[in-house]
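All remarks here apply to the structure that follows.
The values are calculated or read from the model by the stated rules, or taken from the named source; none is laboratory data. Because the structure is a prediction, the values reported are computed rather than measured. Here the Cβ is made from the backbone with ideal geometry for all residues, glycine too, and neighbour counts use every protein chain on show.
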Amino acid sequence: MNNSKTKYLTILFVCLDIIGIGIAVALSHKIRFGTFTHIPIENGLLWILSLPIIFYILELYEKFHSSKTVLRISTGVIISAIFVSTFSYISLTFFVGRGLFSLQSLFITLYTILWRAIFNLVQEKVEKTTNIILFAPKEIIEKVALDFRDTALLLAYKYDYETINNDSKYRQDIFTHENPTIVFTDAPDIPPTLMENLVHYRINGIPVMELADLYETVWQKLPVYFLKDRWFVYARGFTIIHRVFYQRAKRIIDIILSTVGLIASMPLMLIVAVLIKLESTGTVFYKQVRIGLNERPFTILKFRSMIKDAEASGITWTDKNDPRITRVGHVIRGLRIDELPQLINILKGDMSFVGPRPERPYFIRTLESKIPYYSYRHIVKPGLTGWAQVNYKYGASVEDSIRKLEYDLYYIKNFSLLLDIEIIFRTIRVILFRRGSR
């Protein structure tokens, strides 16, 4: 349940994989040459540098009970093996033969599969289901129940504020639940005695948390319709605009990455430009006004992926299998290549590499009138990628915008350079698995 627990498990998994790599490299050398001396340290370091990153992209540090674990481990080892062998082949300082290299790959694969299987067996034996006891108004309970369908948490009991109505007979019933966690909403109609009871639970060792904090911990988003103004006042975080050092560091990183990205992707962008021009009439690039930091408009630059005059009949969301998208457009959208020209926007300072998706003024006006706290996403620069983009599908409705705002608010509240790095790695995963594009 606890997000910090997941992070500790991720660190544990990485450390165990690194230990396994060291064992596999040493054991392979012993079997092949009969000695532990003259082990190629560079060879082991290449495995250590590449394999954890590839495993992370393949979700092997997040989904601890995935049915595809064996397949993903094998795939990750193969990809890492290609990298290590290629570097070894072109290196002038060391070389690893095919026999030794095959043994390393085999032992690393067997080790990582074996210890994960043991971990899953032990976890199933000792881990207890967290039983959530929810205190909230009736309409909120109905909405929250839907979010528990795709989680290991159990919504064990629900207490409606109208039903309990100052009746404290439920007070002792809470202690009959195994491994309970109390969750409540800070609402105007909260029963007078409930807060006293929540204190009673807390001092008797039962975890108590506000509903918004549960969403932040479990789903890593902030539920906009369950938030109140005073929650923003008391909640920790939301300090990104006050951290001058992090803002400057983020800007320096944006300049370096956008410059390198533009230089490295120039050949690819030239090919895409030619293909766009050959397939359909119109300009290669597509310019559009978007809303940026502090709601200032700027002109975004993208490769054109639709037919000429695609919005001649009016502004609309992009639908799945939209007929306005060209054949080249389908490919570059799926691989996110259409967004490469936005590196120029990042270099200019209109955007950052990581941040909320920049939206159009037409949609902004509609969404701000319908969604509470929507304007808060403009206190940071929009991004080429972001927490919402890697956690939620492509947005094509007001409801999708609500869901994506929940992730954007989480990012703004919990901003850090480490979170930016995590988002960039997840973006690579999204592109590889073709998730969320349209």
Residue identified as under 30 Å from Pro372 (Cα atoms), more than 25 Å from the chain's Cα centre (by Cα) and either of a type outside the set (S, T, N, Q) or modelled with pLDDT of 85 or more (or both) among Tyr234, Tyr246: Tyr234
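Looking at segment 372-386, which of the residues that are in contact with a strand residue (DSSP E or B) (Cβ under 9 Å, 6 or more places away or on another chain) and touching a residue at least 60 places away in the same chain (Cβ under 8 Å) is surrounded by the fewest Cβ atoms within 10 Å (Cβ to Cβ)? Outline the logic, then answer.
Looking only at segment 372-386, we keep the residues that are in contact with a strand residue (DSSP E or B) (Cβ under 9 Å, 6 or more places away or on another chain), and these are 377-378, 380-386.
Remaining after also requiring touching a residue at least 60 places away in the same chain (Cβ under 8 Å): 378, 380-382.
Numbers: His378: 21, Val380: 23, Lys381: 24, Pro382: 25.
Among those that are in contact with a strand residue (DSSP E or B) (Cβ under 9 Å, 6 or more places away or on another chain) and touching a residue at least 60 places away in the same chain (Cβ under 8 Å), it is His378.
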Residues (among the basic types (Lys, Arg) and either within 23 Å of Arg333 (Cβ to Cβ) or crowded, with 16+ Cβ neighbours inside 10 Å (or both)) located in segment 343-371: Arg357, Arg360
Matching residues in segment 362-399 - criterion: being β-branched (Val, Ile, Thr) and at pLDDT 90 or above: Ile364, Ile371, Ile379, Val380, Thr385, Val390
Considering residues of segment 271-311 that are among the aromatic types (Phe, Trp, Tyr) and within 23 Å of Arg365 (Cβ to Cβ) only, the residue surrounded by the fewest Cβ atoms within 10 Å (Cβ to Cβ): Tyr286
In segment 159-207, residue nearest to the chain's Cα centre (by Cα) [restricted to those that are among the basic types (Lys, Arg) and modelled with pLDDT under 80]: Arg171
Test set (1) assigned to a loop (DSSP other than H, G, I, E, B); (2) closer than 18 Å to Ala156 by Cα; (3) touching a Leu at 6+ places or on another chain (Cβ under 6 Å) - Val183 fails condition number: (1)
Test set (1) surrounded by 14 or more Cβ atoms within 10 Å (Cβ to Cβ); (2) of a type outside the set (A, V, I, L, M); (3) in a helix (DSSP H, G or I); (4) at pLDDT 90 or above - Thr217 fails condition number: (4)
Qualifying positions in segment 95-133 - more than 27 Å from the chain's Cα centre (by Cα) and outside any helix (DSSP H, G or I): Phe95, Val96, Gly97, Ile133
Of all residues making up segment 319-328, the number that are at pLDDT 85 or above and not basic (Lys, Arg): 2
